[in-house]
Structure formats: C-alpha cells, structure tokens
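What follows is a set of notes on a single structure, which appears directly below.
Read the figures in this text as sums done on the coordinates, not as results from a lab. Being a predicted model, the structure only gives us computed values, none of them experimental. Heads up, the Cβs are rebuilt from the backbone with ideal geometry, glycines too, and the neighbour counts pull from every protein chain shown.
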Amino acid sequence: MSDVRDLIIIGGGPAGYTAALYAARANLNPLVIEGITFGGQLMITSDVENYPGYPDGVLGPAMMQDFRRQAERFGAELITEDVTAVDFSERPFRVEVGDDEYFARAVIVATGASARQLGLESERLLQGRGVSYCAVCDAAFFRSKNVVVVGGGDSAMEEAIFLTKFADKVTVVHRRDEFRASPIMLDRAHANPRIEWITNAVVDEVLGEDGKVSAVRVQSVNTGEKTDIPADGLFVAIGHDPNTRLFLDQLDHDEAGYLEVQPGSTATNITGVFAAGDVADHTYRQAVTAAGTGAMAALDAERLLSSEDHQAEPFLTAPHAEAV
C-alpha cells in the first residue's frame, strides 16, 4: 500500500498510449498495463492513411509501435499483461494483474472495443488484405472495385452507402430477408443504384489470390447452395463490443456496455476513474478520436490530482465521492 502511484492506465491502444504520453510529460509517472494484445484494432489494420502526421500512410502495427515508443520516451512504464480484476470502491484504487496488485490515486480505462468477427479461418488470414471492419478507414483502397458488406443493421447500411462513394459495386449479404436497420437507413441503401442485395445467406468462406481477397463464398440458409461472389474486399459490419467486462459492476454504462462519461469530460461516475477511446465511444471509433480522448483523460486526471494536492486532504483513507 505504500507504493501508491498517481496514475494507472489500463489498455494499450491510441487512447492508452496518448494518455500515457500526456501523463508522463505532466510528471505523473504513469503505469500502463497495456494488455497482451496491445495496440487495439490497429494491430489487424494494414495501411492507415487517415491519421495526421503520416502523409505516406503507415502500417497499423508500426503506428502503434510509434505511439508506444513515444510514451516510453517520456517515462511511462509499460506492463504487457492483462488486468484480471479492479477495485474502484475506495481510493487508492486497486488493479490486479494475476497475483500482482497495483494501487493508484487515479485510473484511466482505455481498453477499447473489438469488432465482431464472423469466426472464419479464411477471414482471419485475410484481415488487412481485403477483409476490413471499418469502411471510413479503408474505403479509399477499394476505388473502382467490387466489395461485399455483411450485416443487417444501421452500421451495415452506413458502411454500404459510404463504400458506394468509392467502389463500383457493393453487395450486401444478410442472413435474413428482414433487417434490423432503421427504415430510413434501409430506404437510403435500397435507393442507391450501386448496392445489390443477397438475403437469406451467410458468408461461408473468404477466398483469396496472391494474399488478397478475390471472392466471397456465400451459402443459402434455405437450400445450402453455395455461390462465389467476385470481390476485392469484405467489410464485416455486424457490430462492436466494448472491452468493459471487468468494469461493468462498478462503472456506469449503457445497454451495449460502453462506459458513460460526464458531458464535456472523460470522468466516469467514480471520482478518479476516467474513460478514453472506443471503450466510451460507439459513434466515431477512429484512432484519431481515441487519441484525442486519451489526451483529455490525462489532462482530466492531472487536474484532479493537482487540485487534491493543493487542498492537502489525505485521500488514502477517504472513500471516493460520487462525481456530479
């Protein structure tokens, strides 16, 4: 208990590393428990061309290594392990990594979100080589090409419509002939002449040539018949899941599990706990917005700790107060 840190950051992606950079420069000596699969969704992204500062584009994993090195340069300490439990019931907060315990006055949760996948081996092998989970990120790579979108909700309709700005043809594949998408989104998609439809079918396999997607094999749920759709890309739009399981019984969240923060802040319902990146964002889900909220969370944490230090009130024995 004597080794109480100012700040622990849980998660190693654009939000976590940016928070670590800002916190380290503010002399908070942050501990970043980045996770075994650090880097977030960018670790399965090939070319990133929409992040400022990389005019020639950059590989997703390479960009995450740059983020990581920059945070380390200013003194952030990194642990490449997964957090197994947290206790935010009183301060200092306790964060467990297996048998090890760490204590901190403030915590930033930046564990991100994970795109739902189809679960196909061929999908995994062709990730970043034509298989994508973000049209806004990757649509420009499919200019004048044919792509397939799988999904039936608003996200799938948005992806399909956005892709028509670049691709010649977008084929939407959905397992039913009824859609979860809102009527207005569905009407917009149906009105787009570049979108074609295959319903009552599921993606059975992603086919590739020369290491890139060449076709998508779909199977009828009614007859079992399989058909190959020539395509240069497959966009999986069946939703995202925030990585919040460890926090749901302690932090306020919405129905989908995304952490809720106070308006104009990254503060959660517990004073001293902040949330940054996709873990609290189901709208934008971009690396640049995650990095921005990471910076915000570090600034929010620094201001809180500085205020408490100036007040000279002991925090070690006092339970946290609910944020308002």
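Using the Cβ-Cβ distance between N29 and K212 with R0 set to 56 Å, the FRET efficiency from 1/(1 + (r/R0)^6) comes to roughly 0.80. Under a 5 Å amide H cut-off, with hydrogens placed 1.01 Å from N, I108 pairs with I8, I9, I10, F274 among residues at least 5 apart or on other chains.
Between R175 and E196, the simple spin-label model (points 7 angstrom out along Cα→Cβ) gives 2.4 nm. How would you classify the chain from its alpha-carbon gyration tensor, with a ≥ b ≥ c the square roots of the eigenvalues: rounded for a/c under 1.5, else prolate if a/b is greater than b/c, otherwise oblate? Prolate is the answer for the chain, as a/c is 1.5 or above and a/b outweighs b/c.
Rounded to the nearest whole Hz, the Karplus-based 3J(HN,Hα) values (6.51 cos²θ - 1.76 cosθ + 1.60, θ = phi - 60°) of the range 14-23 follow the sequence x, 5, x, 5, 5, 4, 5, 4, 5, 5, with x at glycine and proline.
Of the GluC sites (Glu not before Pro) in the range 129-205, the ones in a loop by DSSP (not H, G, I, E or B) with at most 14 other beta carbons within 10 Å are E178.
Classify the range 44-126: rounded, prolate or oblate, from the alpha-carbon gyration tensor (a ≥ b ≥ c, eigenvalue square roots; a/c under 1.5 rounded; otherwise prolate if a/b is larger than b/c)?
On the way: a/c = 2.71, a/b = 1.51, b/c = 1.80.
Oblate is the answer for the range 44-126, as a/c is 1.5 or above yet b/c matches or exceeds a/b.
For the range 285-304 versus the range 167-191, the inter-centroid distance based on Cα atoms is 35 Å. Computed over the range 117-236, the alpha-carbon pair-distance distribution with 5 angstrom bins reads 2, 13, 25, 25, 21, 11, 3, 0, each value a whole percent. Ranking of M157, M43, M296 by neighbouring Cβ atoms within 10 Å, starting from the fewest: M43, M296, M157. Counting other Cβ atoms within 10 Å as a rough exposure proxy, the listed residues T244, T45, T283 run T283, T244, T45 from fewest neighbours to most. Annotation: the residues Y133, Y284, Y54, Y258, sorted from fewest to most other C-beta atoms within 10 Å of their own C-beta, follow the order Y284, Y54, Y258, Y133.
If you run the Gaussian network model on the chain, springs between alpha carbon atoms under 10 Å, then out of G119, G272, G40 the most flexible one is G119.
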